[in-house]
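The values are calculated or read from the model by the stated rules, or taken from the named source; none is laboratory data. These figures come from a predicted structure and were not determined experimentally. Positions of Cβ are backbone-derived with ideal geometry, glycine not excepted, and every protein chain shown enters the neighbour counts. Just the protein is used for accessible areas: all its heavy atoms, side chains included, with ligands, DNA and RNA removed. Shrake-Rupley method; radii C 1.70, N 1.55, O 1.52, S 1.80 Å.
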Amino acid sequence: LSGHDPSKFRNRTCTAGDSRSQAQCNLAVFDAALAVAAQHGVDMVVLPEAYALGALGPKTAFEPVAGDGTVACGRPSRPVQSALSCMSANYGVAVAANLFGCRSSAADCPKAERRLTEVVFSKTGELVVSYDKHHLFPNELLEVTAGPFGPTAFSLLGRRWGILICFEGVWPIIGVGGNWSQSDDLVLRQNVTELVWSIGSAIPAGLSGEVYV
(Lines give C-alpha, C1' and ligand atoms only; values in the text may rest on other atoms or scores of the structure.)
Protein backbone atom coordinates (compact mmCIF):
# COMPACT_ATOMS: atom_id res chain seq x y z
CA LEU A 1 0.00 0.00 0.00
CA SER A 2 2.94 2.35 0.42
CA GLY A 3 4.30 4.79 -2.12
CA HIS A 4 0.99 5.98 -3.57
CA ASP A 5 -0.19 9.59 -3.74
CA PRO A 6 -3.95 9.07 -3.51
CA SER A 7 -4.65 12.64 -4.65
CA LYS A 8 -3.39 11.51 -8.08
CA PHE A 9 -4.78 7.98 -7.91
CA ARG A 10 -7.75 7.07 -10.11
CA ASN A 11 -8.30 10.78 -10.80
CA ARG A 12 -9.26 11.48 -7.18
CA THR A 13 -9.30 15.03 -5.84
CA CYS A 14 -8.30 15.28 -2.18
CA THR A 15 -9.00 18.40 -0.16
CA ALA A 16 -6.36 19.20 2.46
CA GLY A 17 -7.86 19.30 5.95
CA ASP A 18 -11.05 17.50 4.85
CA SER A 19 -10.86 14.11 6.53
CA ARG A 20 -13.74 12.62 4.54
CA SER A 21 -12.10 13.65 1.27
CA GLN A 22 -8.77 12.17 2.35
CA ALA A 23 -10.44 8.95 3.48
CA GLN A 24 -12.18 8.51 0.13
CA CYS A 25 -8.89 9.01 -1.71
CA ASN A 26 -7.14 6.42 0.42
CA LEU A 27 -10.05 4.01 0.07
CA ALA A 28 -9.35 4.05 -3.68
CA VAL A 29 -5.88 2.69 -2.90
CA PHE A 30 -7.42 0.03 -0.65
CA ASP A 31 -9.78 -0.92 -3.48
CA ALA A 32 -6.88 -1.40 -5.87
CA ALA A 33 -5.08 -3.54 -3.27
CA LEU A 34 -8.13 -5.79 -2.90
CA ALA A 35 -8.37 -6.15 -6.66
CA VAL A 36 -4.79 -7.46 -6.71
CA ALA A 37 -5.50 -9.72 -3.73
CA ALA A 38 -8.51 -11.23 -5.48
CA GLN A 39 -6.44 -11.93 -8.59
CA HIS A 40 -4.05 -13.97 -6.45
CA GLY A 41 -6.73 -15.94 -4.61
CA VAL A 42 -6.32 -14.19 -1.25
CA ASP A 43 -9.10 -15.02 1.24
CA MET A 44 -8.70 -12.09 3.64
CA VAL A 45 -6.81 -8.79 3.67
CA VAL A 46 -5.85 -7.04 6.93
CA LEU A 47 -5.58 -3.29 6.39
CA PRO A 48 -3.61 -0.80 8.55
CA GLU A 49 -4.83 1.19 11.52
CA ALA A 50 -7.14 4.13 10.79
CA TYR A 51 -4.23 6.53 10.17
CA ALA A 52 -3.97 4.98 6.72
CA LEU A 53 -7.24 6.78 5.90
CA GLY A 54 -6.34 10.19 7.34
CA ALA A 55 -4.91 11.99 10.33
CA LEU A 56 -6.43 11.85 13.79
CA GLY A 57 -7.35 15.31 15.02
CA PRO A 58 -10.20 17.65 15.92
CA LYS A 59 -11.46 17.75 12.30
CA THR A 60 -11.45 13.99 11.84
CA ALA A 61 -14.76 12.52 10.68
CA PHE A 62 -15.92 9.77 13.05
CA GLU A 63 -18.69 7.61 11.61
CA PRO A 64 -21.29 5.50 13.43
CA VAL A 65 -20.33 1.84 13.62
CA ALA A 66 -22.76 -0.57 11.97
CA GLY A 67 -24.22 -3.48 13.88
CA ASP A 68 -22.95 -7.03 13.47
CA GLY A 69 -24.60 -8.76 10.53
CA THR A 70 -25.13 -5.51 8.62
CA VAL A 71 -24.29 -5.20 4.93
CA ALA A 72 -23.01 -1.63 5.00
CA CYS A 73 -22.51 -1.30 1.23
CA GLY A 74 -24.52 1.62 -0.13
CA ARG A 75 -25.10 3.34 3.24
CA PRO A 76 -23.90 6.96 2.84
CA SER A 77 -24.06 7.67 6.58
CA ARG A 78 -21.15 5.24 6.98
CA PRO A 79 -18.95 6.04 3.97
CA VAL A 80 -15.83 4.12 5.05
CA GLN A 81 -17.76 1.03 6.11
CA SER A 82 -19.87 1.25 2.97
CA ALA A 83 -16.74 1.30 0.79
CA LEU A 84 -15.14 -1.61 2.66
CA SER A 85 -18.33 -3.67 2.55
CA CYS A 86 -18.70 -3.05 -1.20
CA MET A 87 -15.05 -4.00 -1.79
CA SER A 88 -15.48 -7.28 0.08
CA ALA A 89 -18.58 -8.19 -1.91
CA ASN A 90 -17.20 -7.01 -5.26
CA TYR A 91 -13.94 -8.94 -4.98
CA GLY A 92 -15.03 -11.87 -2.81
CA VAL A 93 -12.29 -11.11 -0.29
CA ALA A 94 -12.85 -10.79 3.47
CA VAL A 95 -11.51 -7.54 4.94
CA ALA A 96 -10.31 -6.62 8.43
CA ALA A 97 -9.93 -2.85 8.59
CA ASN A 98 -9.60 -0.05 11.10
CA LEU A 99 -11.46 3.26 11.12
CA PHE A 100 -12.35 6.27 13.22
CA GLY A 101 -15.61 5.01 14.70
CA CYS A 102 -18.35 6.64 16.76
CA ARG A 103 -20.46 4.72 19.24
CA SER A 104 -23.34 7.18 18.84
CA SER A 105 -25.18 8.59 15.83
CA ALA A 106 -24.47 12.22 16.76
CA ALA A 107 -23.53 14.41 13.78
CA ASP A 108 -20.55 15.81 15.69
CA CYS A 109 -19.33 12.77 17.59
CA PRO A 110 -18.49 13.70 21.21
CA LYS A 111 -15.07 12.63 22.45
CA ALA A 112 -16.62 10.17 24.92
CA GLU A 113 -18.03 8.21 21.96
CA ARG A 114 -14.99 8.37 19.64
CA ARG A 115 -13.16 5.08 19.10
CA LEU A 116 -10.45 3.43 17.04
CA THR A 117 -12.56 0.59 15.70
CA GLU A 118 -11.69 -2.63 13.92
CA VAL A 119 -14.35 -3.97 11.55
CA VAL A 120 -14.32 -7.33 9.79
CA PHE A 121 -16.35 -7.95 6.65
CA SER A 122 -17.05 -11.37 5.16
CA LYS A 123 -16.52 -12.20 1.49
CA THR A 124 -20.14 -11.16 0.88
CA GLY A 125 -19.77 -7.74 2.51
CA GLU A 126 -21.50 -8.58 5.79
CA LEU A 127 -20.07 -7.05 8.98
CA VAL A 128 -18.95 -10.03 11.03
CA VAL A 129 -17.76 -8.17 14.12
CA SER A 130 -16.46 -4.83 15.39
CA TYR A 131 -14.04 -4.11 18.22
CA ASP A 132 -12.93 -0.86 19.88
CA LYS A 133 -9.27 -0.45 20.80
CA HIS A 134 -8.86 -0.66 24.58
CA HIS A 135 -5.15 -0.02 25.09
CA LEU A 136 -4.62 3.39 23.51
CA PHE A 137 -1.24 4.94 22.80
CA PRO A 138 -0.84 7.98 25.10
CA ASN A 139 -1.26 10.66 22.42
CA GLU A 140 -4.46 8.99 21.16
CA LEU A 141 -6.12 9.82 24.47
CA LEU A 142 -6.23 13.47 23.34
CA GLU A 143 -8.76 12.72 20.61
CA VAL A 144 -10.47 9.38 21.30
CA THR A 145 -11.75 7.33 24.22
CA ALA A 146 -10.69 3.77 24.98
CA GLY A 147 -13.25 1.09 24.38
CA PRO A 148 -14.16 -1.17 27.29
CA PHE A 149 -11.97 -4.16 28.05
CA GLY A 150 -13.55 -6.77 25.84
CA PRO A 151 -11.20 -9.20 24.05
CA THR A 152 -12.99 -9.99 20.81
CA ALA A 153 -12.84 -13.14 18.71
CA PHE A 154 -14.73 -14.29 15.64
CA SER A 155 -15.00 -17.32 13.37
CA LEU A 156 -14.36 -16.92 9.66
CA LEU A 157 -12.83 -18.96 6.82
CA GLY A 158 -12.74 -22.07 8.98
CA ARG A 159 -10.55 -20.46 11.64
CA ARG A 160 -10.93 -18.78 15.02
CA TRP A 161 -9.51 -15.24 14.99
CA GLY A 162 -8.72 -12.68 17.68
CA ILE A 163 -8.37 -8.93 17.18
CA LEU A 164 -5.50 -6.70 18.27
CA ILE A 165 -5.01 -3.07 17.20
CA CYS A 166 -1.49 -1.64 16.92
CA PHE A 167 -0.23 -0.80 20.46
CA GLU A 168 -2.20 -3.73 21.90
CA GLY A 169 0.18 -6.13 20.18
CA VAL A 170 3.12 -4.92 22.26
CA TRP A 171 1.15 -4.03 25.40
CA PRO A 172 2.13 -7.28 27.19
CA ILE A 173 5.86 -6.53 26.97
CA ILE A 174 6.09 -2.82 27.80
CA GLY A 175 7.89 -1.96 31.00
CA VAL A 176 5.09 -0.42 33.07
CA GLY A 177 1.56 -1.74 33.37
CA GLY A 178 1.56 -4.12 30.45
CA ASN A 179 0.06 -7.56 30.95
CA TRP A 180 -1.18 -10.58 29.01
CA SER A 181 -4.84 -10.41 30.06
CA GLN A 182 -6.18 -9.57 26.60
CA SER A 183 -4.12 -12.20 24.79
CA ASP A 184 -4.75 -14.81 27.48
CA ASP A 185 -8.50 -14.28 27.19
CA LEU A 186 -8.39 -14.67 23.41
CA VAL A 187 -6.24 -17.80 23.42
CA LEU A 188 -7.23 -19.56 26.64
CA ARG A 189 -10.92 -18.69 26.92
CA GLN A 190 -12.01 -18.01 23.34
CA ASN A 191 -9.82 -20.62 21.61
CA VAL A 192 -8.21 -18.23 19.16
CA THR A 193 -5.59 -19.74 16.85
CA GLU A 194 -4.95 -16.74 14.55
CA LEU A 195 -4.80 -12.96 14.99
CA VAL A 196 -5.71 -9.97 12.83
CA TRP A 197 -3.51 -7.06 13.84
CA SER A 198 -4.01 -3.68 12.16
CA ILE A 199 -0.88 -1.63 12.74
CA GLY A 200 -0.46 2.14 12.48
CA SER A 201 2.74 4.16 12.42
CA ALA A 202 4.38 7.24 13.86
CA ILE A 203 3.40 10.45 12.08
CA PRO A 204 6.38 12.58 10.97
CA ALA A 205 6.04 16.18 12.19
CA GLY A 206 6.74 17.49 8.70
CA LEU A 207 3.44 16.12 7.40
CA SER A 208 1.52 18.69 9.45
CA GLY A 209 -1.15 16.19 10.38
CA GLU A 210 -1.89 15.01 6.83
CA VAL A 211 -1.20 11.33 6.34
CA TYR A 212 -1.75 9.32 3.18
CA VAL A 213 -1.19 5.65 2.44
message: Give me the 1.4 Å probe accessible area per residue for the chain, excluding ligands and nucleic acids, in Å².
response: 47 Å²
task: Report residue 78's accessible area, 1.4 Å probe, all protein chains in place, as a number in Å² to the nearest 10.
output: 50 Å²
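In the neighborhood of residue 37, defined by Cβ-to-Cβ distances under 12 Å, what is the net charge if each Lys or Arg adds +1 and each Asp or Glu adds -1?
Local net charge: -1.
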query: If you project the alpha carbons of segment 42-137 onto the principal axes, what extent comes out on each, in Å, largest first?
result: 35, 26, 20
field: Inverse of mean 1/r across different Cα pairs in segment 35-74, Kirkwood, Å
entry: 13.4 Å
- prompt: How much of residue 45 can a 1.4 Å solvent probe reach, expressed as accessible area in Å² and rounded to 10?
  reply: 30 Å²
message: Out of all DSSP beta bridges in segment 1-157, what portion is antiparallel? Express it as a percent rounded to 5.
response: 75 percent
message: If DNA, RNA and ligands are ignored and the probe is 1.4 Å, what is the ranking of 134, 40 by accessible area, most exposed first?
response: 40, 134
message: If packing is taken as the average count of other Cβ atoms within 10 Å, what order do 83-89, 68-74, 166-172 fall into, highest mean first?
response: 83-89, 166-172, 68-74
statement: Rounded to 0.05, the calculated FRET efficiency for the beta carbons of residue 157 and residue 108 at R₀ = 30 Å is 0.20
message: Can you show me the helix-derived [θ] at 222 nm for the chain, built from DSSP H runs with n ≥ 4 at -39,500 (n - 2.57) apiece and divided by the number of residues, rounded to the nearest 500.
response: -5500 deg cm²/dmol
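Using a 1.4 angstrom probe on the protein heavy atoms only, line up 77, 105 by accessible area, largest first. Walk me through the numbers before you get to the answer.
Values: 77 70, 105 105 Å².
Correct descending sequence by accessible area is 105, 77.
Using mean Cβ contacts within 10 Å as the protection proxy, how do 96-104, 145-153 order, highest first?
Order by mean packing, descending: 96-104, 145-153.
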query: Which whole-number percent is the relative contact order of the chain (Cα, under 8 Å, 6+ apart)?
result: 21 percent
- request: Run through all the Cα pairs of segment 99-197 and give the fraction in each 5 Å bin from 0, expressed as whole percent.
  value: 2, 13, 21, 23, 19, 13, 7, 2, 0
field: Orientation-averaged projected area, Cα convex hull of the chain (nm²)
entry: 11.9 nm²
message: Net charge around residue 133, counting only other residues with Cβ within less than 15 Å of its Cβ (Lys, Arg = +1; Asp, Glu = -1)?
response: -3
- prompt: Using a 1.4 angstrom probe with every protein chain in place, what is the largest-first accessible-area order of 157, 141, 47?
  reply: 141, 157, 47
- prompt: Listed highest first by mean packing, meaning other Cβ atoms within 10 Å per residue, what order do 53-63, 28-38 come in?
  reply: 53-63, 28-38
- prompt: Quick one: with all protein chains in place, what share of the accessible area of the chain is carbon or sulfur, to the nearest percent (1.4 Å probe)?
  reply: 55 percent
Phi-based couplings in Hz for segment 88-96 (Karplus 6.51, -1.76, 1.60; Gly and Pro marked x): 4, 5, 5, 9, x, 10, 5, 9, 10
